[in-house]
Amino acid sequence: MKPVFFFQLLFLSIIFQTPSKAQEVKNIKIKNLIKLSKKSDINRDSLSTVYYLLSTLYYYDNRLDTAYFYATKSISFASEMNNYKALSHAYYVLGNIYYYKNEFREANKNFNTALTYSAKQNDSILTADILIDKAYTHDIISERDSALEMLEKAVEISKKTGYLKGVGKAEIASGNIYYGINDFDTALIHYKGALKAAKTINNAMGMGTSYKNIAAVYLEKKQYNKTIKNLKLSEIEYKKTKNLIVLSNIYNDFAIIYSKKQETDSVLNFLQKSMQLSKKYGTKEDVAVAYNIAAESYRNLKNFKISNIYLDSCIAIAEDIKYGLMLQKSYQTYSNNFYSLKDYQYAFKYYTKYTSIKDSLLSESFQNRLAQYETEYQTAKKEKEIIRLKDKELLEKANTRLLIIGIISLIIIFILIIIRIQTKRKKDSEIQRQKILVHQKEKELVKAKLEQKEIEEKRLKNELEFKTKKLVAHALNMMQKNKLLQEISNHISAQANTLESEERKHLFHIKKQLEKGLNIDKDWDLFKIYFEQLNKSFFVKLKEINPKLTGNDFRLCALTKLNLSLKETASVLNISPESAKNARYRLKKKLKLKEGENLNRVINSL
């Protein structure tokens, strides 16, 4: 490397580690690094370092695809030159990229590789940083014990090397885990540990984050004065960093605490500040959070209608960017608002949406765990492949030795002919042994794949049976409810004839209320949610056959799909068996069935 280039690279590395004050500064760094990468006198070792610096800059700029491009280029050049520093940093960036893409299996894989290379160059600071980010990955897939072990190790390494910023980051991560499981006292201990480390090195961002997290704990403990005190300290530190998005989050916290204290003017003041900063400097996700905080604040102020208006704005953005957790929280708040307004129908509607989103997110968490197990299985399979390759390498070395012996045998004919014969026998025996071993390993691999497939098929079958039983149970519940309400209604009609006119009028009023309960629309909405989870394209296919099918037609088709009898179908739909039979006949016509075609067989084929 030429001296001029060395000092250029050193200068860029230093300013790269300094927090950017504006987007323009970050863009200048990127442009300078790209120019540097195009210099003809730069060697491949130095180029790999430039590429990992570029990948890190693009990652912090949230341009993940470009960051991925430069990280992989850095790995390619660094692998050729055995540049462990560039390799450890590039794999570290890749791990974070996969984390923010919710690909946690790949994130862990790259974090592990980064740890391997950081250990080779004894970079304790980088090792601590990787362990902290890896801990977040394990926490999000519900492996909290392993996450806490990594954070303890990160704290230990950071303290030994005097890396107090690492101590602070690890303590905050540990506090977040305990806060997430409602162990607020333990979380507070860790947050105070992070604050102590940040104060020692005068780290404004670290102090601001620590004060903010401490305030969150006191808010959960309903110690509002301590909450406000720590939020004000956090605001002072964040203003030093000029990080306006983080500052908007502080204003969100102020709005929540003052809404709990019923101080409306203060709430409006901080909501206005938060909204302005989020819309001007934040992402759509930040704006969605600001709207949600506004909704929660107005709910605390018992102004439920304005709260719902903010929830509408939050839901629109959350649906656009597929922000599942924010949708879940918004629907829950919506349901609580309508419950407080005593509008129980809409309260139930949004509670259903809340549970649906919640179940979806839990399913996603299950898939992440499944992917983790798949990774472990693939690792074991690769280890077997490594053993097979080593055996193959030994075999190739034996062949090389045989070739040398063959050349020497041309010089010493008589002696080496005997040696050649003996060696050939050994070779044949070894080849045969290897063939048997390879065949055995192939059989074991095929067996393992079949067992894995059987397990997966069994799981899917059990899941299908469970959902089908749940759906049938719901339909039968509807049937029993309608039957019971009808019997009560008939009994009231019979009794009414024996009573005075005023009492008869009162009984008929009760009967009318019961008949409202026979309305299957509400039950149908919940039934439809379960049914579509099991038969996702069923109603779509029906619409393709005949777009003019009515809601009653769809209900009849769904009950037919569940193989309910004519009598059971009539009870669920609150009609007579004869009406149900006529409805099935009309449905056959609407579905354009030919004479003699079986309706049940056609419905079950969709």
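Here are the numbers:
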| quantity | calculated |
| --- | --- |
| Arg601 vs. criteria modelled with pLDDT of 85 or more, exposed (fewer than 12 other Cβ atoms within 10 Å of the Cβ) and among the basic types (Lys, Arg) | yes |
| Among (1) part of a helix (DSSP H, G or I); (2) modelled with pLDDT of 75 or more - the single one Gln513 does not satisfy | (2) |
| Residue within the stretch 576-583 that is of a type outside the set (S, T, N, Q), over 19 Å from Phe531 (Cβ atoms), surrounded by fewer than 18 Cβ atoms within 10 Å (Cβ to Cβ) and in contact with a Pro (Cβ under 9 Å, 6 or more places away or on another chain) present | no |
| Some residue of the stretch 529-551 being in contact with a Leu (Cβ under 8 Å, 6 or more places away or on another chain), closer than 27 Å to Ser489 by Cβ and part of a helix (DSSP H, G or I) | no |
| Inter-residue pairs, beta-carbon under 7 Å, first in contact (Cβ under 8 Å) with a residue 12 or more places away in the chain and in the stretch 254-266, second among the β-branched types (Val, Ile, Thr) and crowded, with 17+ Cβ neighbours inside 10 Å, 6+ apart | Ala255/Val267; Ala255/Ile293; Ile256/Ile293; Ile257/Thr227; Ile257/Ile228; Tyr258/Val267; Ser259/Val267 |
| Filter result (more than 25 Å from Tyr346 (Cα to Cα), among the small types (Gly, Ala, Ser) and in contact with a Ser or Thr (Cβ under 6 Å, 6 or more places away or on another chain)) within the stretch 269-325 | Ser274, Ser278 |
| Unmet requirement for Thr241, which otherwise passes all of (1) over 29 Å from the mean Cα position of the chain (by Cα); (2) modelled with pLDDT of 85 or more | (2) |
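The values are calculated or read from the model by the stated rules, or taken from the named source; none is laboratory data. Keep in mind that what you see is a predicted model, and the values were worked out from it rather than measured. A quick note on method: Cβ atoms are made from the backbone with ideal geometry, for glycine too, and the neighbour counts reach across all protein chains shown.
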